[in-house]
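Engineer: Let me give you the structure first, and then I'll get to my questions.
The values are calculated or read from the model by the stated rules, or taken from the named source; none is laboratory data. Quick caveat, the model's predicted, so the values are computed rather than measured. Please note: Cβ atoms are built from the backbone with ideal geometry, for glycine as well, and neighbour counts cover all protein chains shown.
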Amino acid sequence: MTYCVGVAVEAGLVFAGDRRTNAGPDHISEFRKLTVFEQPGERVLVLLSAGNLAVTQATVAMLQESASRESAESLMKAPSMFRAARLVGNVLREVHRVDGEALDEHNIGFNAGFVLGGQIAGEPPRLFQIYKEGNFIEATVDTPFLQIGETKYGKPVLDRLIRVSASLAETAKCVLVSYSPTLKSNVSVGLPIDLVCYRKDSLKLTCRTTIGTDDPYFQSLTTAWDVGIAALFRSLPDPEVG
């Protein structure tokens, strides 16, 4: 499992995904879940993945392979973000066509989800969530963030704090804070976290970092969040219990 989140605000887009892959308590390893497709000045696309690692890796590999071929339909040639999201869904359906029956025979569910966001010259930044069936939804002003993987612990943080008018820095801070309860409550999510911030209309990536166990900012952020939550709780009035 993993936890990935993409957020669309007026200033641009923020993406984060941890690298933990868990196939049991003694089979924990790291694989990158964030992939960038970029042609500076023309397009920037970021793809997050969660679910069955073989399925997601096959999907990403097919998308990367098509992007490297001149004649192929690809994320590097899609005329719009909508068409790019549809392409990811179509590739995912192709992976299911090839591997789905074999997975079913071994009682392994076809489990995969993607978040795709970015900007193609001529249109605004857009953010989509692609389901295992290949269909997708788009983030809106009312629902500006999309999550995949182990989402339940971080969602309350995002529900309360994400604002479309927020700066990229504040949005990135909120996304990282949402990892604090997730890391604390679920062993299937773990550092490092890959973080990408994209500024609207820049058509290039200028902020891309990996946050490890020794990152001083993340350590101070999560500690301050935990201390602040505990202090707030203690300040609340006690109920009458007789």
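Engineer: List pairs: first residue in segment 159-170 and farther than 18 Å from GLN147 by Cβ, second residue of a type in the set (Val, Ile, Thr) anywhere in the structure, Cβ distance under 7 angstrom, at least six positions apart or on different chains.
Structural biologist: LEU168/VAL14
Engineer: Report yes if SER180 is among the polar types (S, T, N, Q), assigned to a helix (DSSP H, G or I), under 16 Å from the mean Cα position of the chain (by Cα) and at pLDDT 95 or above, otherwise no.
Structural biologist: Taking the combined requirement at face value, the residue satisfies it.
Engineer: Can you work out which of the residues in segment 183-201 that are part of a strand (DSSP E or B) and of a type outside the set (A, V, I, L, M, F, W, C) is farthest from GLY212 (Cα to Cα)? Give the steps one after another, and end with the answer.
Structural biologist: Going through segment 183-201, the residues part of a strand (DSSP E or B) turn out to be 193-199.
Now restrict to residues that are of a type outside the set (A, V, I, L, M, F, W, C): 194, 198-199.
On the way: ASP194: 9, TYR198: 21, ARG199: 24 Å.
In this case the residue turns out to be ARG199.
Engineer: Give the residue that is nearest to GLN147 (Cα to Cα), with candidates limited to residues of segment 104-125 that are surrounded by fewer than 20 Cβ atoms within 10 Å (Cβ to Cβ) and in contact (Cβ under 8 Å) with a residue 24 or more places away in the chain.
Structural biologist: Out of the qualifying residues, it is ASN111.
Engineer: Taking segment 39-64 as the search range and keeping residues that are in contact with a Gly (Cβ under 8 Å, 6 or more places away or on another chain) and of a type in the set (S, T, N, Q), which one is farthest from ALA102 (Cα to Cα)?
Structural biologist: Here the answer is SER49.
Engineer: Can we say VAL88 is within 30 Å of SER185 (Cα to Cα), surrounded by 13 or more Cβ atoms within 10 Å (Cβ to Cβ) and under 17 Å from the mean Cα position of the chain (by Cα)?
Structural biologist: no
Engineer: Next question, about the same structure. Have a look at VAL164, VAL187, VAL157 and point out the one that is in contact with a Pro (Cβ under 9 Å, 6 or more places away or on another chain) and modelled with pLDDT under 95.
Structural biologist: VAL187
Engineer: While we're looking at this one, here's another question. Being touching a residue at least 60 places away in the same chain (Cβ under 8 Å), under 30 Å from GLY122 (Cβ atoms), out of contact with any Cys (no Cβ under 6 Å at 6 or more places or on another chain) and hydrophobic (A, V, I, L, M, F, W, C) narrows it down to one residue among LEU176, LEU191, LEU203; which is it?
Structural biologist: Exactly one of LEU176, LEU191, LEU203 is touching a residue at least 60 places away in the same chain (Cβ under 8 Å), under 30 Å from GLY122 (Cβ atoms), out of contact with any Cys (no Cβ under 6 Å at 6 or more places or on another chain) and hydrophobic (A, V, I, L, M, F, W, C), namely LEU203.
Engineer: Is it true that some residue in segment 66-81 is of a type in the set (A, V, I, L, M, F, W, C), at pLDDT below 95 and surrounded by fewer than 19 Cβ atoms within 10 Å (Cβ to Cβ)? Talk me through it step by step, then tell me what you get.
Structural biologist: Step one: list which residues in segment 66-81 are of a type in the set (A, V, I, L, M, F, W, C), which gives 67, 72, 75-76, 78, 81.
From what is left, the residues that are at pLDDT below 95 are 67, 72.
Then keep just the ones that are surrounded by fewer than 19 Cβ atoms within 10 Å (Cβ to Cβ); that gives 67, 72.
Yes; the residues of segment 66-81 include at least one that is of a type in the set (A, V, I, L, M, F, W, C), at pLDDT below 95 and surrounded by fewer than 19 Cβ atoms within 10 Å (Cβ to Cβ).
Engineer: What is the number of the single condition among (1) out of contact with any strand residue (DSSP E or B) (no Cβ under 6 Å at 6 or more places or on another chain); (2) closer than 28 Å to ALA121 by Cα; (3) crowded, with 19+ Cβ neighbours inside 10 Å that ALA169 does not meet?
Structural biologist: (3)
Engineer: Going through segment 39-71 one residue at a time, which ones are in contact with a Ser or Thr (Cβ under 6 Å, 6 or more places away or on another chain) and under 12 Å from PHE114 (Cβ atoms)?
Structural biologist: Within segment 39-71, LEU47, SER49, ALA50, THR56, VAL60 qualify.
Engineer: Go through segment 17-110 and tell me which strands (runs of 3 or more DSSP E), entirely inside it, have 3 or more residues that are not small (Gly, Ala, Ser).
Structural biologist: Answer list for segment 17-110: 20-22, 34-39, 43-51.
Engineer: Continuing with this model, one more query. Taking the stated definitions as given, is PRO192 surrounded by fewer than 16 Cβ atoms within 10 Å (Cβ to Cβ) and either of a type outside the set (Phe, Trp, Tyr) or farther than 19 Å from VAL36 by Cα (or both)?
Structural biologist: no
Engineer: Further question: Is there a residue in segment 43-64 that is over 21 Å from the mean Cα position of the chain (by Cα), in contact (Cβ under 8 Å) with a residue 24 or more places away in the chain and farther than 23 Å from THR2 by Cβ? Show your work before the answer.
Structural biologist: Residues of segment 43-64 that are over 21 Å from the mean Cα position of the chain (by Cα), as a first pass: none.
So far as segment 43-64 goes, no, none of its residues is over 21 Å from the mean Cα position of the chain (by Cα), in contact (Cβ under 8 Å) with a residue 24 or more places away in the chain and farther than 23 Å from THR2 by Cβ.
Engineer: Right, something else. Can you spot a residue in segment 7-18 that is modelled with pLDDT of 95 or more, buried (at least 17 other Cβ atoms within 10 Å of the Cβ) and among the charged types (D, E, K, R)? Write out each step before concluding.
Structural biologist: Filtering segment 7-18 for residues modelled with pLDDT of 95 or more gives 7-18.
Of the ones still in play, those that are also buried (at least 17 other Cβ atoms within 10 Å of the Cβ) are 7-9, 11-18.
Among the residues that remain, those that are also among the charged types (D, E, K, R) are: 18.
Yes.
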